Amino acid sequence: MAAVSSDASVAHAPALRRTLGLTDVALFFVVAASNLQWVATAAAAGPSSLPIWILGGATMFLPLSICVIYLTQRFPDEGGMYVWSKRAFGSFAGFFTGWTYWTSNLPYFPALLYFAAGNALYFGNWSHRFGTSPVYFIAFALAGLTFATVLNIYGLSVGRWLNNAGALSRWLVTIALIALGGIVWAKFGAASPMTLEAMRPEANLKNAIFWSVIAFAWTGPEAASFIAGEVREPRRSIPLGLAIAAPAIAVIYVLGTVAVLASLPFHSVDQSSGVMQAISTVALRLNAQWIVPIATLLVVVSCLGSCGAWLGAVGRIPFVAGIDRYLPKAFGTMHPRWGSPVVALLTQSGIAAVFVVLGQGGSTVRGAYDVLVGSTVLITMIPFMFLFASAIKLRGGLWISTCAVVGFATTLAAAVFALVPAPDDPDKLLSIVKVLFLTSLLAGAGVFVYVFGRRRFANG
């Protein structure tokens, strides 16, 4: 993200170091665009989640990837959807796209680190001791956040090793999961029904809401565009890296879900630790418990890799906003030695740390945190609408425009379903009001920051 569109910004944009090669980019896509937590979530929904995975991939991952490749090839050094929207629709659209993408990602870090903490308990069968300990989850999450932040401050030349280790760990644990699932299926039969009838999704509101969740599990191809200014030969490396990573991402999601379903009855899958639950259960049945601590370590490393990758990528948004002077100028500065956007990274991690504490801060606070995380789902859709609209506005041609229309329709549908409360919600109207209010609050904060930033810049 070396530059932005205004001449003044370009003149003052710091020169970023191109440290990421093709292998780094491919592994970045694997660790950023997949999440084992989604595998557990899908498995808990039952065998009908498998065709929904495929539908989500066809309507979100494929059009998103094609649009990202097109826009990256046209603007390889620009900084992702922030500047794509800025070029297509003006300064406010660019800032608002970046703001909504950034704010919607902040609760992701504690959620990811809680997932890692829950899975880490399988290392020594510690669930009975620490499984309900707020102190444990807070300490683990803060330690993981600090570790990933420090590596990113040292720059992507160092931080990429955590990303790469996370991607390789995720791939290895997925292979182990699939192998164990295949063995237990062949030896004892699948624990969940794997018939065509069981896989047929029912046309109901619950599955429609679940489809919207799965559709956004397929997002992530846009992440590398934020660090395009630090990629060697981005016009070649980003498209090729995504093409290399895409089959691995599909295997992680689809075959990983099949393996969990083969290992466990779907109604007993724990959404917070379903992958390790499946591996642990099969290892016990096969008298191969030695696998469990190894798999646990791989899951934890893969989560830390995702945390590091997203901290680095999303941290470039306030960095560019600092260059554009919508945020204080310090956000647009880099560390003089390591070439990283240190102020943006530290600010982002500080906010994420607040979410970490809120997430385990007692029943009332935890309830408020859950509402906040749930409500950010709607605002997550906004930047993708701008991305797909930008691909159309920037004259992508018939094929690109068709993909963008499909992606935009998927995004819009998911936004609508995000407003729909769960069937068992005791006060559905209140839930809708909360979602709309908190979405408006986050969006309104972005408008305020933009207006204030423009006035500060105009006044010198």
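The values are calculated or read from the model by the stated rules, or taken from the named source; none is laboratory data. Bear in mind the structure is a predicted one, so any value in this text is a computation, not a measurement. Glycine also receives a Cβ, built like all others from the backbone with ideal geometry; neighbour counts cover every protein chain displayed. The protein model used for the area step is the full one, side chains on, heavy atoms only, and it has no ligands, DNA or RNA in it. Shrake-Rupley method; radii C 1.70, N 1.55, O 1.52, S 1.80 Å.
Structure summary
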{"item": "Failed item, numbered, when Leu106 is tested on (1) under 16 Å from the mean Cα position of the chain (by Cα); (2) at pLDDT 90 or above; (3) open to solvent by less than 20 Å² (accessible area, probe 1.4 Å)", "result": "(2)"}
{"item": "Flag for Gly444 being surrounded by fewer than 12 Cβ atoms within 10 Å (Cβ to Cβ) and at pLDDT 85 or above", "result": "yes"}
{"item": "Qualifying residue in the stretch 59-72 (condition: at pLDDT below 90, open to solvent by 10 Å² or more (accessible area, probe 1.4 Å) and out of contact with any strand residue (DSSP E or B) (no Cβ under 7 Å at 6 or more places or on another chain))", "result": "no"}
{"item": "Checklist (1) modelled with pLDDT of 85 or more; (2) crowded, with 17+ Cβ neighbours inside 10 Å; (3) hydrophobic (A, V, I, L, M, F, W, C); (4) closer than 26 Å to Gly308 by Cα applied to Val354, failing item", "result": "(2)"}
{"item": "Within the stretch 132-157, tally of residues that are in contact with a helix residue (DSSP H, G or I) (Cβ under 8 Å, 6 or more places away or on another chain), open to solvent by 60 Å² or more (accessible area, probe 1.4 Å) and either β-branched (Val, Ile, Thr) or not in a helix (DSSP H, G or I) (or both)", "result": "1"}
{"item": "Residue count, the stretch 182-197 (criterion: surrounded by 15 or more Cβ atoms within 10 Å (Cβ to Cβ) and of a type in the set (Asp, Glu))", "result": "0"}
{"item": "Single residue of the stretch 223-256 satisfying the filter (more than 18 Å from the chain's Cα centre (by Cα) and β-branched (Val, Ile, Thr)) that is surrounded by the most Cβ atoms within 10 Å (Cβ to Cβ)", "result": "Val231"}
{"item": "Matching option when the condition is open to solvent by 30 Å² or more (accessible area, probe 1.4 Å), in contact with a strand residue (DSSP E or B) (Cβ under 7 Å, 6 or more places away or on another chain) and either of a type in the set (D, E, K, R) or closer than 26 Å to Ser340 by Cβ (or both), among Arg160, Arg129, Arg200", "result": "Arg160"}
{"item": "Near pairs, Cβ below 6 angstrom, 6+ apart or cross-chain, from the stretch 331-356 (over 19 Å from Thr103 (Cβ atoms)) to any residue that is crowded, with 18+ Cβ neighbours inside 10 Å and of a type in the set (A, V, I, L, M)", "result": "His335/Val342; Ser340/Ile153; Val342/Ile153"}
{"item": "Residue among Ser85, Ser6, Ser91 that alone is modelled with pLDDT under 85, in contact with a Ser or Thr (Cβ under 9 Å, 6 or more places away or on another chain) and within 29 Å of Ile323 (Cβ to Cβ)", "result": "Ser6"}
{"item": "Thr439 being modelled with pLDDT of 90 or more, closer than 30 Å to Asn204 by Cβ, in a helix (DSSP H, G or I) and not small (Gly, Ala, Ser)", "result": "no"}
{"item": "Residue within the stretch 407-423 that is without any contact (Cβ under 8 Å) to a residue 60 or more places away in the chain, under 27 Å from Phe92 (Cβ atoms) and not in a helix (DSSP H, G or I) present", "result": "yes"}
{"item": "Matching residues, the stretch 401-422, being open to solvent by less than 20 Å² (accessible area, probe 1.4 Å) and modelled with pLDDT of 90 or more", "result": "Cys403, Ala404, Gly407, Thr410, Thr411"}
{"item": "Phe452, sole failed condition from (1) part of a helix (DSSP H, G or I); (2) modelled with pLDDT under 80", "result": "(2)"}
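Every residue, every condition in (1) more than 18 Å from the chain's Cα centre (by Cα); (2) open to solvent by 10 Å² or more (accessible area, probe 1.4 Å); (3) closer than 22 Å to Gly155 by Cβ, yes or no:
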{"position": "Ala278", "(1), (2), (3)": "yes, no, no"}
{"position": "Val282", "(1), (2), (3)": "yes, no, no"}
{"position": "Leu286", "(1), (2), (3)": "yes, yes, no"}
{"position": "Leu304", "(1), (2), (3)": "no, yes, yes"}
{"position": "Cys307", "(1), (2), (3)": "no, no, yes"}
{"position": "Val320", "(1), (2), (3)": "yes, no, yes"}
